[in-house]
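Below is one structure; the comments refer to it alone.
The values are calculated or read from the model by the stated rules, or taken from the named source; none is laboratory data. Since the model is a prediction, treat every value here as computed from it, not as a measurement. FYI the Cβ positions are ideal-geometry reconstructions off the backbone, even for glycines, and counts take in every protein chain you see.
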Amino acid sequence: MSNKSFLPTWLYNDKQIFNFELEKYSKNFWHPLIFVGEIKAGEILEKKFLKQSLFISCSQNNSINVFKNRCPHRGSELLLLKTKDNPSKSIFCPYHGWTFDGFGELKTLPLKDDFEIKVELGDYFLEKVNSLVNGPFIWINFSNQPISIDDQIDLVVGNCNDEWNINYGIFSEFSNTLNCNWKIAHDNTLDDYHVAVAHKNTLHKEQGPIKNYKYFFSKFCNVLVTPMNSRENLYTFGLLPWTHIIVWPGRGILLISYPPQRIDQCSLEIKLASATLCTKDLEDWKINILNFLREDKVIVESVQKSYRGKFKLGPPNRLEQRIIHWQEVYKEFLQAYGISF
Ligand code: FES
Ligand SMILES: [Fe+2]
């Protein structure tokens with residue numbers, strides 16, 4: 001054990017820190033947006049990320065593009081034009097009628113010859129967001145110099161290469177609001193000390209005895225490995241900036257993330273997918289997951305009340321070392337942007 005301590009509580013209450021997290025810290029990383037299998041060739045979907053609306057399109061030859069939902073003419077929000085025979089094939093501006101295709105190209109320009117300057121269809125595009133496909137997810141990023149995805153998720157690919165490259169076919173999702181700073185929720189999901197107590201009848205039964213817990217760490221990623229039976233392990237990965245991936249071999253994959261909403265509020269977003277379960281079993285699995293997340297909601301919202309005031313935290317336990325790991329990386333980012341304490 002090192003003599004590291006937890007982050008001080010003021011970092012959970014400070015407006016400048018909150019802005020740093022949204023504008024700097026989180027932009028270094030790739031964010032899993034949807035499962036690849038959720039979109040079909042020729043389709044365009046709308047998804048929200050941190051309150052902003054995005055379009056994800058998949059071309060006929062399966063190339064993926066992600067765009068901001070903002071019209072390049074005067075900034076209006078755009079709509080997906082859907083008809084029964086033409087599901088989600090074009091993007092329409094309800095303000096002056098410009099229309100875009102799944103490559104973000106302008107296809108319809110009303111009163112084209114009446115602009116102050118000469119305007120052609122090829123002059124205007126939807127603004128692209130960096131995106132890539134890795135494993136089962138479409139990932140996005142908002143920086144010119146993101147961390148490489150290979151560095152960000154090295155332990156996931158290294159430990160679960162087979163499960164990572166499965167074609168997942170059934171999906172489910174859920175979201176809720178947690179009345180706490182996102183870091184309290186993230187810390188809690190990296191906290192393996194509380195599982196045997198707070199989740200005695202739920203998650204603890206899946207993860208098994210503490211004596212079997214094994215840990216691995218890389219620069220940006222950590223994992224708790226717990227044996228499920230004599231051959232297979234359950235992998236609980238902690239990823240930056242606020243993301244968790246749990247791989248249940250033979251069952252499926254669970255993504256949990258805590259995007260911030262306000263300084264004292266975040267979303268709980270879960271997505272799960274399976275290649276083997278039927279829809280009913282996937283929904284039953286989701287109900288089990290929601291049970292332990294409900295237990296966590298009570299805990300994190302009670303911790304938030306304490307973090308609001310001046311409060312010095314106790315020492316970390318060995319089973320809280322994944323919290324210390326991500327907090328050390330977070331501190332490095334704070335320092336790199338000139339914030340020290
Ligand atoms: S703002 Fe979209 S067409 Fe004018
Ligand atoms: Fe928990």
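Per-structure values
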{"quantity": "All positions within the range 243-294 that are closer than 19 Å to N181 by Cβ and among the acidic types (D, E)", "calculated": "D264, E269"}
{"quantity": "Top-ranked residue of the range 191-233 - restricted to ones that are assigned to a strand (DSSP E or B), in contact with a Leu (Cβ under 8 Å, 6 or more places away or on another chain) and of a type in the set (A, V, I, L, M), ranked as farthest from ligand 1 (Cβ to nearest atom)", "calculated": "V225"}
{"quantity": "From the options E127, E116, residue that is acidic (D, E) and touching a strand residue (DSSP E or B) at 6+ places or on another chain (Cβ under 9 Å)", "calculated": "E127"}
{"quantity": "Residue that is nearest to L268 (Cα to Cα), among those in the range 174-190 that are outside any loop (DSSP other than H, G, I, E, B) and within 11 Å of ligand 2 (Cβ to nearest atom)", "calculated": "A185"}
{"quantity": "Residue within the range 234-249 that is away from ligand 1 (no atom under 16 Å from the Cβ), assigned to a helix (DSSP H, G or I) and closer than 27 Å to V36 by Cα present", "calculated": "no"}
{"quantity": "Residues being of a type in the set (A, V, I, L, M) and closer than 24 Å to W242 by Cβ - total across the range 268-281", "calculated": "4"}
{"quantity": "Residues of the range 131-159 classified as in contact (Cβ under 8 Å) with a residue 60 or more places away in the chain and either at positive phi or of a type in the set (S, T, Y) (or both), total", "calculated": "2"}
{"quantity": "Failed criterion for L334 (all others in (1) in contact (Cβ under 8 Å) with a residue 24 or more places away in the chain; (2) farther than 21 Å from H194 by Cβ; (3) touching a strand residue (DSSP E or B) at 6+ places or on another chain (Cβ under 9 Å); (4) not in a strand (DSSP E or B) hold)", "calculated": "(3)"}
{"quantity": "Residues being under 20 Å from V329 (Cα atoms) and either under 16 Å from the mean Cα position of the chain (by Cα) or among the polar types (S, T, N, Q) (or both) - total across the range 151-172", "calculated": "3"}
{"quantity": "Failed item in (1) modelled with pLDDT of 95 or more; (2) within 25 Å of K200 (Cβ to Cβ), with S306 passing the rest", "calculated": "(1)"}
